[in-house]
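The values are calculated or read from the model by the stated rules, or taken from the named source; none is laboratory data. No experiment lies behind these values; they were computed from the predicted model shown. Glycine gets a Cβ as well: all are built from the backbone with ideal geometry, and neighbour counts include every protein chain shown. All accessible areas refer to the heavy atoms of the entire protein, side chains included, with ligands and DNA or RNA removed. Shrake-Rupley method; radii C 1.70, N 1.55, O 1.52, S 1.80 Å.
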Amino acid sequence: QVQLVESGGGLVQAGESLRLSCAASGTIFSINTMGWYRRLPGKQRELVALETSGGSTNYANSVKGRFTISRDNAKNTVYLQMNSLKPEDTAVYYCSIKQGILEVWGQGTLVTVSS
């Protein structure tokens, strides 16, 4: 079993920064993809950013240039540095890890950006 524990959400003003962290525990294979998704109010969950264990990244167009995903494979931890936050970034952010066909999600952390 794999568990994910997210931290770092909170309330910030527009233009400020926030860093999310997600630590995975349990059976973690060397090849996996970790990432962040978010659910905006009244909308479906959407991709924010992904990073493979090999270092390849993928970002949603809406966050390119503002958000940076990184990971520490030794700690099985993935981070999301969010800069220049906008009110439209307000959402519940979920961490995920995908190993083979199995994907596990964290409990989510709320990010609120005030204008």
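Take the range 2-38 and flag every residue that is in a loop (DSSP other than H, G, I, E, B) and either of a type in the set (D, E, K, R) or touching a Ser or Thr at 6+ places or on another chain (Cβ under 7 Å) (or both). Of everything in the range 2-38, those that are in a loop (DSSP other than H, G, I, E, B) and either of a type in the set (D, E, K, R) or touching a Ser or Thr at 6+ places or on another chain (Cβ under 7 Å) (or both) turn out to be GLY8, GLY9, ALA14, GLY15, GLU16, SER30, ILE31, ASN32. The residue list SER30, SER70, SER96 contains one member that is in contact with a strand residue (DSSP E or B) (Cβ under 8 Å, 6 or more places away or on another chain), within 16 Å of VAL2 (Cβ to Cβ) and among the small types (Gly, Ala, Ser), which is SER96.
Scan the range 74-115 for residues that are within 13 Å of SER21 (Cα to Cα) and polar (S, T, N, Q) and report the count. The qualifying residues number 6.
If only residues of the range 39-61 that are in contact (Cβ under 8 Å) with a residue 24 or more places away in the chain and outside any strand (DSSP E or B) are counted, the one that is most open to solvent (accessible area, probe 1.4 Å) is PRO41.
Within the range 68-108, if we keep just the residues that are assigned to a strand (DSSP E or B), open to solvent by less than 40 Å² (accessible area, probe 1.4 Å) and small (Gly, Ala, Ser), the residue that is nearest to SER30 (Cα to Cα) turns out to be SER96.
Can you tell me which residues in the range 26-38 are farther than 14 Å from GLY100 by Cα, out of contact with any Leu (no Cβ under 8 Å at 6 or more places or on another chain) and open to solvent by 40 Å² or more (accessible area, probe 1.4 Å)? Break it down into steps so the answer makes sense when it comes.
Quick first cut of the range 26-38, residues farther than 14 Å from GLY100 by Cα only: 26, 35-38.
With the extra rule that they be out of contact with any Leu (no Cβ under 8 Å at 6 or more places or on another chain), the set shrinks to 26, 38.
Residue satisfying the conditions is GLY26 alone.
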